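Following: one structure in structure tokens, then a few remarks.
No value in this document is a laboratory result; all are computed from the given coordinates. As the structure is a computational prediction, the values presented were derived from the model and not from experiment. Here the Cβ positions follow ideal geometry from the backbone for every residue, glycine too, while neighbour counts run over all protein chains shown.
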Amino acid sequence: MATVPLTVPSTGGVALALHDLGGTGPTLLICHATGFCGRAYEPLAALLGPSHHVFAMDFRGHGDSTLPDEGSLAWGGMADDVAAVAAALPPGPIHVVGHSMGGAAAVMAQTRAPGLLASAYLYEPIVLPAGGLPGVAPNPMAAGARRRREVFGSRAEALHRYASRPPLSALRAGALASYVEHGFADRPDGTVRLKCRAETEASVFEATGQITLAAVAGTALAAVVARGGEGESPIAALSPRLVDALPGATLRTYAHLGHFGPLQDPDSVAADVLALTAGA
């Protein structure tokens, strides 16, 4: 498994980090959710590796990727990032696992370039009606992101804090450990700081809704649109509308999961990803 990420240029002067997580078989790309990083999904990648060569990307402003020159974190740039990485991957079909923002970006990339992806497993992708979610403005997630603590004395301190309180306490232990290991940067004084800074995460949340159902409607794609059922979120409730908009898409509901599904129960998600890719 490569420990040094590949560097892939994207629009806006962005240098993307692409992580080779190993495995054998057709290429599979993991596209992470807002605020996370590609290597947080290592437990899922380990389950997919026997059947796929798994890569994970860091979107602009996340993980080991850089911010765009002009500072804009519009979601069209996230779709640019998926397309840039797809062009850098080994020849052959590309299967995608897209979580939240990552799922929306993957669908938009396929809409722009039909045939880019062989299949897509999309867990609660943020593809909204025009105008966004009724009664949800401004995005409350942005305010929460700006309040995030960025600096900890050590990764161990960060891990203990996250594991002891929601929402990150819902993650599988291995996924949380991978997020803390790869989502923080070491500082000269021995402390660690989030790679995806609070203001970056907030700006991405404020751009939510820029990929719409109308924009992706009619996109041909073998897809599973998955959602959690635990305290069903507005995003989960919208999933059937995205299924209706995408020819070839089917709906999968996990009653025991929330919005962090792929990081909560990688075993269940991996089983459905493998079933999808086998038939694509």
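General remarks:
- Less than 5 angstrom separates the built amide H of Val224 from those of Ala120, Tyr121, Leu122, Thr250, all sequence-distant by 5 or more or on a different chain.
- Of the beta bridges in region 20-150, as assigned by DSSP with both residues counted there, near 10 percent are antiparallel.
- Between Thr24 and Ser169, the distance separating the two model label sites (each 7 Å from Cα on the Cα→Cβ line) works out to 4.2 nm.
- Each Cα pair under 8 Å and six or more residues apart adds its sequence gap; the mean of these over the residue count of region 80-136 is a relative contact order of 37 percent.
- Our coupling estimate for region 51-59, obtained by passing each phi through the Karplus curve with A = 6.51, B = -1.76, C = 1.60 and θ = phi - 60°, is 10, 9, 8, 9, 10, 9, 9, 9, 5 Hz, Gly and Pro reported as x.
- Shape category assigned to region 217-280 from the gyration tensor of Cα positions, a/c cut at 1.5: oblate
- Cα-based values for the chain, radius of gyration first and Dmax second, are 17.2, 53 Å.
- With contacts taken as Cα pairs under 8 Å and at least 6 residues apart, the chain reaches a relative contact order of 21 percent.
- Pairs of Cα atoms nearer than 8 Å and 6+ residues apart set the relative contact order; for region 14-76 it is 45 percent.
- Residue-wise HN-Hα couplings along region 19-27, as the Karplus relation 6.51 cos²θ - 1.76 cosθ + 1.60 with θ = phi - 60° gives them from phi, are 9, 8, 9, x, x, 9, x, x, 6 Hz; Gly and Pro carry x.
- Between Ala271 and Glu232, the distance separating the two model label sites (each 7 Å from Cα on the Cα→Cβ line) works out to 2.2 nm.
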